[in-house]
1. May I ask you to say which residue of His52, His48 is at positive phi and modelled with pLDDT of 90 or more?
2. Just to verify a result, which residue in segment 33-54, among those that are touching a Leu at 6+ places or on another chain (Cβ under 8 Å) and part of a loop (DSSP other than H, G, I, E, B), is surrounded by the most Cβ atoms within 10 Å (Cβ to Cβ)?
3. When segment 34-49 is examined, which residues are found to be under 11 Å from the mean Cα position of the chain (by Cα) and among the small types (Gly, Ala, Ser)?
4. State all residues of segment 18-54 that are among the basic types (Lys, Arg) and without any contact (Cβ under 8 Å) to a residue 40 or more places away in the chain; if no residue qualifies, say none.
5. Considering only residues of segment 19-32 that are part of a loop (DSSP other than H, G, I, E, B) and surrounded by 10 or more Cβ atoms within 10 Å (Cβ to Cβ), which is farthest from the chain's Cα centre (by Cα)?
6. Give the residues of segment 1-18 that are under 26 Å from His48 (Cβ atoms) and not hydrophobic (A, V, I, L, M, F, W, C), sorted by residue number.
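The values are calculated or read from the model by the stated rules, or taken from the named source; none is laboratory data. It should be emphasised that the depicted structure is a prediction, and the values quoted were computed from it without experimental measurement. Cβ coordinates were reconstructed from backbone atoms using ideal geometry, including for glycine residues, and neighbour counts include every protein chain displayed.
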Amino acid sequence: MPRKKRIWQPHMCHHVMLRGIDGIFLFHDDADRARFCLLLQEAAEVHHHRVHAFCLMGNH
């Protein structure tokens, strides 16, 4: 069964979640986490998005 169409409106907040497949960790060390933070910041600036909060976790 397909998922429902996402609702999108300007200035709407979204909860975005990344998860590793089969329990694989997304970040192996602090360098990976730092690189992700940099990429997130760059993407937010390029696409004119605001990141209100984020949390880097292991594969939970």
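1. From the options His52, His48, the qualifying one is His48.
2. Ranking the candidates gives Val51 first.
3. Those that are under 11 Å from the mean Cα position of the chain (by Cα) and among the small types (Gly, Ala, Ser): Ala43, Ala44.
4. Arg33, Arg35, Arg50
5. Restricting to residues being part of a loop (DSSP other than H, G, I, E, B) and surrounded by 10 or more Cβ atoms within 10 Å (Cβ to Cβ), the top hit is Phe25.
6. Those that are under 26 Å from His48 (Cβ atoms) and not hydrophobic (A, V, I, L, M, F, W, C): Lys5, Arg6, Gln9, Pro10, His11, His14, His15.
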